[in-house]
1. Under the condition of being in contact (Cβ under 8 Å) with a residue 24 or more places away in the chain and of a type in the set (A, V, I, L, M, F, W, C), which residue from region 178-190 is least open to solvent (accessible area, probe 1.4 Å)?
2. What number goes with the only condition from (1) among the β-branched types (Val, Ile, Thr); (2) farther than 26 Å from LEU248 by Cβ; (3) in contact with a helix residue (DSSP H, G or I) (Cβ under 9 Å, 6 or more places away or on another chain) that THR142 does not pass?
3. What are the residues in region 258-280 that are open to solvent by less than 70 Å² (accessible area, probe 1.4 Å), more than 20 Å from the chain's Cα centre (by Cα) and on the phi < 0 side of the Ramachandran plot, if any?
4. Which of the following residues is at pLDDT 90 or above and under 21 Å from GLY327 (Cα atoms): VAL160, VAL170?
5. State all residues of region 195-220 that are open to solvent by less than 20 Å² (accessible area, probe 1.4 Å) and outside any strand (DSSP E or B); if no residue qualifies, say none.
6. Being surrounded by fewer than 23 Cβ atoms within 10 Å (Cβ to Cβ) and of a type in the set (A, V, I, L, M, F, W, C) is the filter here, so list the residues in region 37-62 that pass it.
7. Might you check whether a residue that is modelled with pLDDT of 95 or more, over 22 Å from ALA167 (Cα atoms) and touching a Leu at 6+ places or on another chain (Cβ under 8 Å) occurs anywhere in region 285-292?
Amino acid sequence: MSPGRAVITGAADTAVGELPGSTCMGLHAEAAGLALADAGLRPGDIDGVLCAYSFSEPHLMLASVFCEYFGIQPAYSAAIQAGGATGCIMIMQASALVEAGICRHVLVVAGDNRLTGLSRDRAVAALSEVGHPQFERPFGVTVPALYALVAHAYMHEYGVTPEHLAAMAVASRTHAVRNPKAQMRVPITVADVLASLPIAEPLRLLDCCLISDGGAALVISAPDAARDTAQRPVTLLGAGQKNTHEHLVAAPSLTNFGCRESAAQAFARAGVKPADIHVAEIYDSFTVTLLVELESIGFFEKGEAGPAALDGALDLGGRLPCNTHGGLMSYAHSGAAGGLFHVVEAVRQLRGEAAARQVPDAELAFVHGDGGILSAHCSLVLGRS
């Protein structure tokens, strides 16, 4: 355990997938209770709470709503909204709180019942707000269509093929098959991905993330406070963040994104390089998201990630086991909790708790979240204490 650095002392997620009768607050409370039990702490030990946002139960002060629901009155609470980057940003913020001496144990929690609690019309309405009100929305843009524009640009510039994109989905599903909790566990092939329903060319149904119910939570503790917890802590060695735009029409590039800068910050603060990482959990809203980020972060050269994935580089025993729980494309995606699922999996890998999907002797993990259309980025480097 590094002196002065925040540690993760509890990590848990709920069941995921289709959870009839689940609610946003119910999933928050269940995930929080599981994470506290994992850490060996009581609700009264928590003096800081960070929540995200909800589509099914939107509220201006979701953290206050949760604290009221859960029956706690922490000294510090706030809600953070940064799309898919929210989970990693909450971890980064929680770490800053404990390292500054403001809190000793911060609960980071997110959850939503997007699959069973959100109608198709409400989901379409919420996602339609993503586009620029003047230059994108009037033309009927969709989130998959915006990512498809990135995919076309990347394919043109770096020779990426639909097969390379499909390899990302196959790699994630291969991991999910080993995970009894994953929402999708039926094996798929590149041919299956290419034969699936077109959504926004070149992206097809199996190039896209899932819609799920589920929640996740972690406890971030001050180093000295970690001695009173049940688990061997996982240390946050470095974190970084970078926002380059909000709307794709304003993006400085369609092939280079802020993940390069956020990852560089995290690696520098941790004192490690991409080649030192044993397992990566990288936000994968679409296959192109994962491919672009693998290369921009520095794990592969431009144009290299697709062929490498086809050769098994992202699987156990490969060059970089990635999204070992199954990722957003095969494990689950329930809003902001989707990004936290990646962090929970990284913690389990570093603790050696991943069973059939365990990366042997994993000591360093990298986690990345991105929000919007590759807009907001946050990177974490975690180490086994």
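The values are calculated or read from the model by the stated rules, or taken from the named source; none is laboratory data. Quick caveat: nothing in here was measured; it's all calculated off a predicted structure. Every residue, glycine as well, gets a Cβ built from its backbone with ideal geometry; the counts of neighbours run over all protein chains shown. We work out accessible area using only protein heavy atoms, side chains counted, and drop any ligands, DNA or RNA first. Shrake-Rupley method; radii C 1.70, N 1.55, O 1.52, S 1.80 Å.
1. So the residue we want is ALA182.
2. Unmet for THR142, out of (1) among the β-branched types (Val, Ile, Thr); (2) farther than 26 Å from LEU248 by Cβ; (3) in contact with a helix residue (DSSP H, G or I) (Cβ under 9 Å, 6 or more places away or on another chain): (2).
3. Answer for region 258-280, where residues must be open to solvent by less than 70 Å² (accessible area, probe 1.4 Å), more than 20 Å from the chain's Cα centre (by Cα) and on the phi < 0 side of the Ramachandran plot: VAL272, ASP276.
4. VAL170
5. Within region 195-220, SER196, PRO202, ASP207, SER212 meet the criteria.
6. Scanning region 37-62 gives ALA37, LEU41, PHE55, LEU60, MET61.
7. No, region 285-292 has no match at all.
Here's the yes/no breakdown for (1) over 30 Å from ALA251 (Cβ atoms); (2) open to solvent by less than 10 Å² (accessible area, probe 1.4 Å); (3) in a loop (DSSP other than H, G, I, E, B):
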position	(1), (2), (3)
GLY318	yes, no, yes
LEU328	no, yes, no
GLY338	no, yes, no
VAL343	no, yes, no
VAL347	yes, yes, no
ILE373	no, yes, yes
CYS378	no, yes, no
GLY383	yes, yes, no
